[in-house]
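Here's the structure, in structure tokens; my notes come after.
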Amino acid sequence: MQDLKLGFKMYSDEIGKYDNEVFDFFNHDLFSYIELFMNPNTMENLEAWKKFKAKINVPFTLHAPHSVFNVNLADEKQFEFNKDIFNNQVDKYAEELDVQYVVVHPGKLGNIEETVRQLNIINPKRMSIENKPIISRKTMQRTYRGAIPEEIKYVRTNHPCGFCLDISHCMSTANELGKNPYEFLKEFQELNPTSYHISGNKLDSLIDLHIHFSKCDWDLHKVFEIIDTSKNITVETRKDKEACFREYEEDLKTLKEAS
């Protein structure tokens, strides 16, 4: 068993919502940093997050808003909106919380060249590009940019940034493309990820289900043999109600034991 650097996922509109559970997890050494998803228009919460970070005294990373919030770097029509969100909100969170990096989605539809064009103008601070699942959960059509290694490589070749390898996104994309999920994971690993996301999924799923690992049929030992377990690994299984914290705690323990 290795000493994994697991990240606990929170959202910028959750300030004060799960404080007791989060501090309990931290006191039991279940995670070593927090990844904060920045919902747009929550600038009024930034000071409270700064106080929370000082109190818990762990590093923060940040996740930028994505297409659910109409942020789409692959769509030229969204450029001004994207620029405003990143430069006036995301960058301020990143600076004030002194985050290690900011995870950014490449966008949907459009093309990866447009993604790079916008990134080179907007220049998000401390950016780390994330691979997406190729299939949209809503339409079940091929939708997202950055779902294949070639597109992630293109971004990193043409814009200076890190790479957050989302393991479940990778595995589900492999199924849509008719590839072996573990071999496809190796292709992404060759791009030298600087951090990871992980959540439970079914080995034959075309989408990221974000299920708990008790319902996941992956060979986690094989996954951990492929990735670099010295890097940050943010856990993204669901915690949409307080009752999920018991399962979330089991997720963290399962990952530590599987490594």
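Sort out which residues of the range 183-198 are of a type in the set (V, I, T) and open to solvent by 40 Å² or more (accessible area, probe 1.4 Å), and write them in order of number.
T194 - this is the single residue of the range 183-198 that is of a type in the set (V, I, T) and open to solvent by 40 Å² or more (accessible area, probe 1.4 Å).
Which one of the conditions (1) in a helix (DSSP H, G or I); (2) touching a strand residue (DSSP E or B) at 6+ places or on another chain (Cβ under 7 Å); (3) in contact (Cβ under 8 Å) with a residue 60 or more places away in the chain does H197 fail to meet, given that it meets all the rest?
(1)
Among E247, E257, which is the only one that is farther than 15 Å from L4 by Cα, open to solvent by 20 Å² or more (accessible area, probe 1.4 Å) and touching a residue at least 24 places away in the same chain (Cβ under 8 Å)?
E247
Considering the range 155-182 alone, what residues qualify as being open to solvent by 40 Å² or more (accessible area, probe 1.4 Å), under 23 Å from H210 (Cβ atoms) and not in a loop (DSSP other than H, G, I, E, B)?
N175, E176, L177
Could you say which residue among I152, I134 is open to solvent by less than 80 Å² (accessible area, probe 1.4 Å) and touching a Ser or Thr at 6+ places or on another chain (Cβ under 9 Å)?
Result of the check over I152, I134: I134.
Can you name every residue in the range 68-110 that is charged (D, E, K, R) and either open to solvent by less than 20 Å² (accessible area, probe 1.4 Å) or closer than 30 Å to T139 by Cβ (or both)?
D75, E76, K77, E80, K83, D84, D91, K108
Among the residues of the range 14-27, what is the count of those that are under 23 Å from S195 (Cβ atoms) and either open to solvent by less than 10 Å² (accessible area, probe 1.4 Å) or touching a residue at least 12 places away in the same chain (Cβ under 8 Å) (or both)?
The number of residues fulfilling the criteria is 4.
Can you name every residue in the range 213-235 that is in contact with an Asp or Glu (Cβ under 8 Å, 6 or more places away or on another chain) and either of a type in the set (D, E) or surrounded by fewer than 18 Cβ atoms within 10 Å (Cβ to Cβ) (or both)?
Selection gives S214 alone.
Please go through the range 34-59 and give me each residue that is aliphatic (A, V, I, L, M), over 17 Å from N88 (Cα atoms) and part of a helix (DSSP H, G or I), ordered by number.
If the condition is that a residue be aliphatic (A, V, I, L, M), over 17 Å from N88 (Cα atoms) and part of a helix (DSSP H, G or I), then A48, A54, I56 are the ones that fit.
Yes or no: S230 touching a residue at least 40 places away in the same chain (Cβ under 8 Å), touching a Gly at 6+ places or on another chain (Cβ under 9 Å) and not in a strand (DSSP E or B)?
no
Which members of the range 138-154 meet the condition of being in contact with a strand residue (DSSP E or B) (Cβ under 8 Å, 6 or more places away or on another chain) and not in a helix (DSSP H, G or I)?
Passing the criteria: Q141, R142, T143, Y144, R145, G146.
The values are calculated or read from the model by the stated rules, or taken from the named source; none is laboratory data. The structure displayed is predicted, hence computed values, not measured ones. Neighbour counts run over all protein chains shown; Cβ positions are idealised from the backbone, glycine included. The accessibility values were calculated without ligands, DNA or RNA, using every heavy atom of the protein model including side chains. Shrake-Rupley method; radii C 1.70, N 1.55, O 1.52, S 1.80 Å.
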